[in-house]
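Quick notes on the structure that follows.
The values are calculated or read from the model by the stated rules, or taken from the named source; none is laboratory data. None of the values given here were measured: they were computed from a predicted structure. Heads up, the Cβs are rebuilt from the backbone with ideal geometry, glycines too, and the neighbour counts pull from every protein chain shown. Please note that ligands, DNA and RNA were not included when accessible areas were found on the heavy atoms of the full protein model with its side chains. Shrake-Rupley method; radii C 1.70, N 1.55, O 1.52, S 1.80 Å.
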Amino acid sequence: KWKLEQNNNDAANPTYTLTISGSGAMADYANWTKEGVEDTRPWKDFLEDITEIKVGEGITRIGDRAFHFINKIGGEQRPVPRAITITFPETLKEFGEEACVRANIKSVDIPESVTTLGASTFYQCKNLETITGLEGAEKIGNYAFYGCDSLESVVIQDSKLTEIGIAAFKNCKNLKTINIPETVK
């Protein structure tokens, strides 16, 4: 289930909190950026006004392209897109493909319960500065953090990580250090 609540009383410039609740995996959404494919996300008309996303306990998987282009970075948009915050539950196990592409997030705390980050999970989140968590991650998919320009360091300690996909941290222009466990192939 999803619910959208307005955070302010400004009808001309509203902001919203998107709350996802229930149990199990969220739905996957088609790649609507391709010609002829419709964006079927129920919150699609509010993408530029969502400033907070709360994913409730019981959700185990963020669906493919669920939060794709939320207050997007790049392309045609407001002169300055609004920053958003996303809260993930301890029940979360997996991020689907392109789950948060170009979302305007500054930090992400990945619960220890997450084992898989799909391909392009946080692709081109250009303002993403901080990633915490990843202790439970076993696989980071291809292009997972590709183009995260503001990311300066990644620390993956005491992890079960065994696989980092192709170009997972490519074009992270400010990435100075990355600590990868010896368990990675």
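Overview of values
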read-out: Residues of the range 45-60 classified as polar (S, T, N, Q) and surrounded by 20 or more Cβ atoms within 10 Å (Cβ to Cβ), total; value: 0
read-out: Members of the range 104-129 that are among the hydroxyl-bearing types (Ser, Thr, Tyr) and either open to solvent by less than 40 Å² (accessible area, probe 1.4 Å) or closer than 19 Å to residue 55 by Cα (or both); value: 107, 113, 115, 116, 120, 121
read-out: Looking only at the range 1-44, and only at residues there that are aliphatic (A, V, I, L, M) and crowded, with 16+ Cβ neighbours inside 10 Å, the one that is nearest to residue 92 (Cα to Cα); value: 26
read-out: Output for the range 21-46, where each listed residue is touching a residue at least 24 places away in the same chain (Cβ under 8 Å), hydrophobic (A, V, I, L, M, F, W, C) and more than 18 Å from residue 121 (Cα to Cα); value: 43, 46
read-out: Total residues in the range 52-62, condition in a loop (DSSP other than H, G, I, E, B) and touching a strand residue (DSSP E or B) at 6+ places or on another chain (Cβ under 7 Å); value: 1
read-out: Extreme residue, modelled with the highest pLDDT, among residues of the range 1-38 that are aromatic (Phe, Trp, Tyr) and part of a loop (DSSP other than H, G, I, E, B); value: 29
read-out: Enumeration of residues in the range 140-171 that are touching a residue at least 24 places away in the same chain (Cβ under 8 Å) and of a type in the set (Asp, Glu); value: 149, 152, 163
